[in-house]
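Engineer: Take a look at this one; I'll ask things after.
The values are calculated or read from the model by the stated rules, or taken from the named source; none is laboratory data. Computed from a predicted structure; not experimentally measured. Neighbour counts are summed over all protein chains in view; Cβ atoms, including those assigned to glycine, are modelled from backbone coordinates with ideal geometry.
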Amino acid sequence: MKAIVQTKYGSPDVLQLEEVEKPTPKEDEVLIRIVATPATTADNAMLSGPYLGRLFGMGLTRPNNPIPGTVLAGVVEEAGKEVTLFKEGDQVFGSTDLGFGCYAEYICLPEEDALVNKPANMTYEEAAAIVDGAITALPFLKEAGKIQSGQRVLINGASGSVGSAAVQLAKYFGADVTGVCSTSNLEFVKSLGADKVIDYTKEDFTKSGQTYDIIFDAVGKSSFSRCKDSLTRYCQMLWIDVDLAASS
């Protein structure tokens, strides 16, 4: 099968298209023919082998898995004998996290991994595109932010993969959502359900006098010290850095 291979850390120049052996599923695994996989910001950041990523299993001096890519959508081609959740022909999507391996024609994954059946009304491209942003935004809002219905939530970077997922999730949880983005993305963020949008090229949300129960900076551009006066008392600021996710 064909795959993108990375044998060392570095710039995108280290990526090579090669012919590699097609994997064979173990008894608890499914073999998936990959139909769509996105090139995410996280994938790009991992190319250089960030320090924390190396510590958490990427490989200290070179990638443990030479095939990059962490998100996929595809079709189950074969299921191991012990697999009960999926069968041949199932349309699925999911994430391998630091297991990588998605920049290829095929991949084997345990059925208990972050893998689910794809909704019939989503294309493979749509399913693959939503994974990275959604699985990043959801734990930040639900677990770290303890989001509640009726809260005022501001999403900085509301048009990106994480931010656009955060807008939709915050609305699902019943929050009043303000999205911050550029001029060209205002209508897009409104279409996601944002109650209000702020064009950061024309307005600084930290100087508006408005306060929020949660400020979620999906692009890592705003410090806590800059935003603290825009938070209601004892509430949350959540922010994402390129290599490290954190909350305060």
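Engineer: Looking at the stretch 194-204, is at least one residue crowded, with 21+ Cβ neighbours inside 10 Å, among the charged types (D, E, K, R) and closer than 21 Å to Ser161 by Cβ?
Structural biologist: no
Engineer: So which residues in the stretch 72-109 are at positive phi, of a type outside the set (Phe, Trp, Tyr) and in a loop (DSSP other than H, G, I, E, B), if there are any at all?
Structural biologist: Gly89, Gly101
Engineer: If the requirement is being in contact with a Ser or Thr (Cβ under 8 Å, 6 or more places away or on another chain), at pLDDT 95 or above and of a type outside the set (Phe, Trp, Tyr), which of these qualifies: Leu31, Leu47?
Structural biologist: Values: Leu47 fails: at pLDDT 95 or above.
Answer to the selection: Leu31.
Engineer: Follow-up. In the stretch 140-158, which residues are part of a helix (DSSP H, G or I) and within 27 Å of Asp204 (Cα to Cα)?
Structural biologist: Going residue by residue through the stretch 140-158, those that are part of a helix (DSSP H, G or I) are 140-144.
Answer for the stretch 140-158, where residues must be part of a helix (DSSP H, G or I) and within 27 Å of Asp204 (Cα to Cα): Phe140, Leu141, Lys142, Ala144.
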